[in-house]
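Undergrad: Mind having a look at this structure? Questions to follow.
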Amino acid sequence: MDNDRIWNLIAKKLSGEASPDDLRELESILRFDPELHYSLEALHDMWKKQIEQDASQSEIAFQKHMERMHSMGVDMGNPSAGSSLDEFPDSPNRYQKWKMLALVAFGFLLLFLGFHFLTVQNPVAPAQKPSWEVVTRNGSKTNLLLPDGTTVWLNAGSRLSYDSLYGTNLREVTLSGEAYFDVVRNPKKPFIIHTGKINIRVLGTVFNVKSYPEEKTIETSLIKGSIEVSFSSQPSKKIILKPNQKLIIDKTEIISAPSTSPGIVVSDPLISIEHLNRIGSDSSITETGWMENRLYFDDMSFRDLLHSMERKYGVSFKMNDSVLNTIHFTGSFQNETVPQALDALRLTAEQSTTDFKYEIKGNQVFIYNTTSGVHSTQPK
């Protein structure tokens, strides 16, 4: 959409002159541009504060002007007590109002350029390069546009950061959590993702990376294009993925082998390459189901499933029973509420002769083993 149109809608909203259709159009634009949304919020706060100050000062000045005219015998009429300054075309309030409107575009531009400083910049030591960070809480997702035009969708409980040198020679980001990348092709400036154990290098492609610190594996799923994966412990060791392939790295299983230097042993996580999981008549990819708010799970332990549900629903699960963790589940959730999801899991658990109940207290969900003959203590 044309920038002039966007600024026009913002000016109308701030001045209170936006029609319902204007507001719906602006809301639609903001829904797909979180950076613009945060900038508008900051601009709205500044506008509101300025208008309140200007209105108070203008009212005082206007009243003094009226009193001065009356004292000089000039007939200024007798406006009713309920009259506002907006009823006088040349009143200070109307002048200030349109003066502010004229500054909206300039102010918006400044806010947009300073967006990261206002919202997502983390303090860093003077010796470090300035960095920007976007964080999503459990129960929320977001998407963002990087300076080169690369689009990133960030899943719940994730963190993406990059520094001020992004795009100078390389395009480097650091990821903790899960994200889907649609990288703008630029052979001269490779795009690199650092996840701790591995580094992913691409020129232009579409793929998903899942690297939550609390999970046992790191997964890289390639939708199209090509990516090169290297290991932090062995930079020379590289794996090339092709479309429809998924690289799984088991962080808990470590293999050791002699390095090229005599007497030195290096350790690497166990790796495997599999095909992407596609299900349904439309061949939906389960690895990217989270983008449609769908949680897929295949032979997943109860505890691991609860961790995934924490990110999806934004709640905290408490379960201290090791017996319940022996149950494995396969299925998916999309629009189910927390009680509906847990009730469905209970039906599956009963088929394995294990039962549980749950208790919801605010933002916490307590899970108890109610299998006959088993005493379950309250989770802490």
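Undergrad: What is the one condition in (1) closer than 16 Å to Ser301 by Cβ; (2) modelled with pLDDT under 85; (3) among the hydroxyl-bearing types (Ser, Thr, Tyr) that Thr326 does not satisfy?
TA: Checking Thr326 against (1) closer than 16 Å to Ser301 by Cβ; (2) modelled with pLDDT under 85; (3) among the hydroxyl-bearing types (Ser, Thr, Tyr), the one that fails is (2).
Undergrad: Additional query: Here is a check on your reading of the model: is Thr151 in contact (Cβ under 8 Å) with a residue 12 or more places away in the chain and in contact with a Lys or Arg (Cβ under 9 Å, 6 or more places away or on another chain)?
TA: For Thr151, the condition - in contact (Cβ under 8 Å) with a residue 12 or more places away in the chain and in contact with a Lys or Arg (Cβ under 9 Å, 6 or more places away or on another chain) - is not met.
Undergrad: Scan region 139-154 for residues that are open to solvent by less than 40 Å² (accessible area, probe 1.4 Å) and either β-branched (Val, Ile, Thr) or at positive phi (or both) and jot them down.
TA: Across region 139-154, the qualifying residues are Thr142, Gly149, Thr150, Thr151, Val152.
Undergrad: Also, quick follow-up: Only one of (1) part of a loop (DSSP other than H, G, I, E, B); (2) on the phi < 0 side of the Ramachandran plot is not met by Ala344, so which one is it?
TA: It fails just one condition, (1).
Undergrad: Of all the residues that make up region 244-301, how many are modelled with pLDDT under 60 and either not acidic (Asp, Glu) or not in a strand (DSSP E or B) (or both)?
TA: The number of residues fulfilling the criteria is 14.
Undergrad: With respect to Phe317, determine if the residue is open to solvent by less than 30 Å² (accessible area, probe 1.4 Å), free of Cβ contacts under 8 Å to residues at least 40 places away in the same chain, of a type in the set (Phe, Trp, Tyr) and in contact with a strand residue (DSSP E or B) (Cβ under 9 Å, 6 or more places away or on another chain).
TA: So Phe317 does not fit the description; no.
Undergrad: Grab the strands (runs of 3 or more DSSP E) fully contained in region 155-222, keeping just those with 1 or more residues being of a type in the set (D, E, K, R) and either open to solvent by 20 Å² or more (accessible area, probe 1.4 Å) or in contact with a helix residue (DSSP H, G or I) (Cβ under 8 Å, 6 or more places away or on another chain) (or both).
TA: Filter on region 155-222 gives 159-163, 171-182, 198-202, 206-211.
Undergrad: So which of Thr353, Thr330 ends up being in a strand (DSSP E or B), open to solvent by 60 Å² or more (accessible area, probe 1.4 Å) and either in contact with a strand residue (DSSP E or B) (Cβ under 6 Å, 6 or more places away or on another chain) or not basic (Lys, Arg) (or both)?
TA: Thr330
Undergrad: Among (1) modelled with pLDDT of 90 or more; (2) more than 24 Å from the chain's Cα centre (by Cα), which single condition is Asn208 missing?
TA: It fails just one condition, (2).
The values are calculated or read from the model by the stated rules, or taken from the named source; none is laboratory data. On a predicted model such as this, the values are computed, not experimentally measured, just so you know. Because the Cβ atoms are built from the backbone with ideal geometry, glycine has one as well, and the counts that use them run over all protein chains shown. Calculation scope for accessible area: heavy atoms of the full protein, side chains included, ligands and nucleic acids excluded. Shrake-Rupley method; radii C 1.70, N 1.55, O 1.52, S 1.80 Å.
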